[in-house]
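> Please read through the structure below; I'll follow up with questions.
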């Protein structure tokens, strides 16, 4: 789309050809002018601090205590690392690690 504008087509022609609005073209041109590219921007927000620590250390805890409940894993993690995590965080981290809820490993 930007190549068409660079080749000399008008913004309205390009908008009609690609079925987008002129405002979208203007946003892309502005982003390219300011950043030098039109790649997607990063998702806003700060990185997950608890998630990174949880991912790094939960597998060891799961292997040491495979039959313990999520609530107990929360308590163990707080005792071990001093970080309070929710049962939902434990569940998401377990899923990311590929750890199933099967008891008696």
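> Applying a 10 Å radius around every beta-carbon, put 38-48, 73-83 in order of their mean neighbour count, most first. Intermediate results must be reported in sequence, preceding the final value.
Working: 38-48: 7.5, 73-83: 14.7.
Going by the mean number of other Cβ atoms within 10 Å, highest first, we get 73-83, 38-48.
> Could you work out the helix-only [θ] at 222 nm for the chain, with each DSSP H run of four or more residues adding -39,500 (n - 2.57) and the total divided by the number of residues, to the nearest 500 deg cm²/dmol? Display every interim value, and only then the final one.
Working: 6 runs with 66 residues, N = 105.
It lands at -19000 deg cm²/dmol.
> In degrees between 0 and 90, to the nearest 10, how far off the longest principal axis of the chain does helix 70-81 point, with axes built from Cα atoms?
90
> So what are the radius of gyration and Dmax for the Cα set of the chain, in Å?
Rg and Dmax of the chain, Cα atoms, are 24.4, 68 Å.
> Rounded to the nearest 10 degrees, what's the angle between the helix 49-64 long axis and the longest principal axis of the chain, both from Cα atoms, 0 to 90?
Once rounded, one gets 40 degrees.
> On a 0 to 90° scale, report how tilted helix 22-35 is relative to the longest principal axis of the chain, with both axes built from alpha carbons and the result rounded to the nearest 10.
Between the helix axis and the principal axis of the chain, the angle is about 70 degrees.
> Sorted by mean Cβ packing within 10 Å, highest first, what order do the peptides 14-21, 30-37 take?
Packing order, densest peptide first, comes out as 14-21, 30-37.
> With a Förster radius of 25 Å, plug the Cβ-Cβ distance of residue 29 and residue 49 into 1/(1 + (r/R0)^6) and report the FRET value to the nearest 0.05.
Working: r = 37 Å, r/R0 = 1.48.
Efficiency at R0 = 25 Å is approximately 0.10.
> Residue 37 versus residue 100, label points 7 Å from Cα toward the beta carbon: distance in nm?
The modelled label-to-label distance comes out at 4.1 nm.
Computed from the coordinates by the stated procedures, all read-outs in this text should not be read as laboratory data. A quick note: this is a predicted structure, and the numbers were derived from the prediction, not measured. We place every Cβ from the backbone using ideal geometry, glycine too, and count neighbours over all the protein chains shown.
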